[in-house]
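Novice: Okay, here's the structure, questions in a sec.
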Amino acid sequence: MLRGGDVNESKFAEFIKKADESFITGDISVAKFYYAKALELKPSDTYAKERLSITDQLLRSSISSASEREFDDAISKGNEAFGAKNYSLARFFYRKALSLKPGNTVASAKLEQSEKALQGDKKAAGDSEFEKNIQLGNQEFKNKNYGVARNYYKQALALNPNDSYAKDQLSKIETALKNQ
């Protein structure tokens, strides 16, 4: 029985030594492992308990700061993309930031801002396409290429169904085609 106690004491000292060495070199997760092993041999040892508690705190802190850095990085990349008017990429990074910190008001506001910008960008692209179709339709109408003009005005109406100018032009084309 005395022999078993010596073996346990020897193992305990070995685990504490390895844990302390790992702690000093900055390998906190290995230190935590060895402190926990030492506590299995001597559950009431206060030194091993204190050191295990410290390693737990350090690991939680490093995970927290890594998460914080990842959040800040996502917000920064989102801001960069937003500044470059790449709203879908900005939205991606703001969503990532929000997944790291659910409910974060900054990330939520940035995401909403990028969503609105993305919708405005799509509307601006649609408005531009509408104007282009009207201009091409007008050019073809002027050249009496009524079939082609009709297609451009129909494309314009697909983008803006309530546009009275495009509707009037289509009526003029129908009248011109009947009179040919």
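The values are calculated or read from the model by the stated rules, or taken from the named source; none is laboratory data. Everything numeric in this text was worked out from a predicted model, so none of it was measured. Positions of Cβ are generated from backbone atoms using ideal geometry, with glycine treated the same way; all protein chains shown enter the neighbour counts. Surface areas here come from the heavy atoms of the whole protein model, side chains and all, with no ligands, DNA or RNA. Shrake-Rupley method; radii C 1.70, N 1.55, O 1.52, S 1.80 Å.
Novice: Which one is nearest to E115 (Cα to Cα) among residues in the stretch 80-90 that are surrounded by fewer than 17 Cβ atoms within 10 Å (Cβ to Cβ) and within 11 Å of the chain's Cα centre (by Cα)?
Specialist: S88
Conditions tested, residue by residue: (1) in a helix (DSSP H, G or I); (2) of a type in the set (A, V, I, L, M, F, W, C); (3) at pLDDT 90 or above; (4) open to solvent by less than 60 Å² (accessible area, probe 1.4 Å).
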position: F23; (1), (2), (3), (4): yes, yes, no, yes
position: E50; (1), (2), (3), (4): yes, no, yes, no
position: L59; (1), (2), (3), (4): yes, yes, no, yes
position: I63; (1), (2), (3), (4): yes, yes, no, no
position: A66; (1), (2), (3), (4): yes, yes, no, yes
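Novice: What are the residues in the stretch 68-79 that are closer than 12 Å to K110 by Cα and either open to solvent by 70 Å² or more (accessible area, probe 1.4 Å) or touching a Pro at 6+ places or on another chain (Cβ under 9 Å) (or both), if any? Give the derivation first.
Specialist: In the first step, residues of the stretch 68-79 are kept if they are closer than 12 Å to K110 by Cα; the result is 74-79.
K77, the sole residue that qualifies.
Novice: Please tell me if A36 is among the small types (G, A, S), surrounded by 12 or more Cβ atoms within 10 Å (Cβ to Cβ) and touching a Ser or Thr at 6+ places or on another chain (Cβ under 6 Å).
Specialist: Details: among the small types (G, A, S): yes; surrounded by 12 or more Cβ atoms within 10 Å (Cβ to Cβ): yes; touching a Ser or Thr at 6+ places or on another chain (Cβ under 6 Å): no.
Against the criterion (among the small types (G, A, S), surrounded by 12 or more Cβ atoms within 10 Å (Cβ to Cβ) and touching a Ser or Thr at 6+ places or on another chain (Cβ under 6 Å)), A36 does not qualify.
Novice: Hey, can you tell me all the residues within the stretch 50-93 that are farther than 18 Å from D27 by Cβ and hydrophobic (A, V, I, L, M, F, W, C)?
Specialist: Step one: filter the stretch 50-93 for residues farther than 18 Å from D27 by Cβ, giving 50, 64, 67-93.
If the condition is that a residue be farther than 18 Å from D27 by Cβ and hydrophobic (A, V, I, L, M, F, W, C), then F71, A74, I75, A81, F82, A84, L89, A90, F92, F93 are the ones that fit.
Novice: Collect the residues in the stretch 148-166 that are aliphatic (A, V, I, L, M) and open to solvent by 60 Å² or more (accessible area, probe 1.4 Å), keeping them in residue-number order.
Specialist: So in the stretch 148-166, the residues aliphatic (A, V, I, L, M) come out as 148-149, 156-159, 166.
V148, A158, L159 - these are the residues of the stretch 148-166 that are aliphatic (A, V, I, L, M) and open to solvent by 60 Å² or more (accessible area, probe 1.4 Å).
Novice: If I filter the stretch 3-19 for residues that are within 36 Å of the chain's Cα centre (by Cα) and either open to solvent by 70 Å² or more (accessible area, probe 1.4 Å) or hydrophobic (A, V, I, L, M, F, W, C) (or both), do I get at least one hit?
Specialist: Just the residues of the stretch 3-19 that are within 36 Å of the chain's Cα centre (by Cα), to begin with: none.
No, there is no match, as no residue in the stretch 3-19 is within 36 Å of the chain's Cα centre (by Cα) and either open to solvent by 70 Å² or more (accessible area, probe 1.4 Å) or hydrophobic (A, V, I, L, M, F, W, C) (or both).
Novice: Could you tell me whether any residue of the stretch 126-147 is within 33 Å of the chain's Cα centre (by Cα), of a type outside the set (D, E), under 30 Å from R69 (Cβ atoms) and open to solvent by less than 70 Å² (accessible area, probe 1.4 Å)?
Specialist: No, every residue in the stretch 126-147 fails to be within 33 Å of the chain's Cα centre (by Cα), of a type outside the set (D, E), under 30 Å from R69 (Cβ atoms) and open to solvent by less than 70 Å² (accessible area, probe 1.4 Å).
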